[in-house]
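Worksheet: the structure to be examined is printed underneath.
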Amino acid sequence: MSRSSIGEDRGASAADVATAWAIAKGTTPIIGVTKAGHIDGLVRTHGIELADAEIAELEALADAADVDTRGSWEHDM
């Protein structure tokens, strides 16, 4: 599974899925909209509810790619 395959099931882009993941983690992303098409993505994002397994898969993909998904305010426990 990947960001794009999760999105394909919902008619959403990888960017839409990434934004939905950020929202699912309890953040409020600040998104710059420079093109009208970006608004469509935000509307799609609003309708995406990721299952716990999908969130875990996205985080595993990030770990495999050595991407730190923690916010700068989060500390190791």
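The values are calculated or read from the model by the stated rules, or taken from the named source; none is laboratory data. This one's a predicted model, so the numbers in the text were calculated from it and none came from an experiment. In this analysis, Cβ positions are derived from the backbone assuming ideal geometry, glycine residues included, and neighbour counts consider all displayed protein chains. Side chains included, ligands, DNA and RNA excluded: accessible areas come from the protein's heavy atoms. Shrake-Rupley method; radii C 1.70, N 1.55, O 1.52, S 1.80 Å.
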Residues in the range 20-59 that are outside any helix (DSSP H, G or I) and in contact with a His (Cβ under 9 Å, 6 or more places away or on another chain): how many?
2
Please find, within the range 47-64, the residue that is most open to solvent (accessible area, probe 1.4 Å) out of those that are at pLDDT 90 or above and among the small types (G, A, S).
A64
Evaluate the range 4-14: report whether one residue or more is open to solvent by 100 Å² or more (accessible area, probe 1.4 Å) and either charged (D, E, K, R) or modelled with pLDDT under 85 (or both).
yes
I'd like to know if the range 31-46 contains one or more residues that are hydrophobic (A, V, I, L, M, F, W, C), modelled with pLDDT of 85 or more and under 11 Å from the mean Cα position of the chain (by Cα).
no
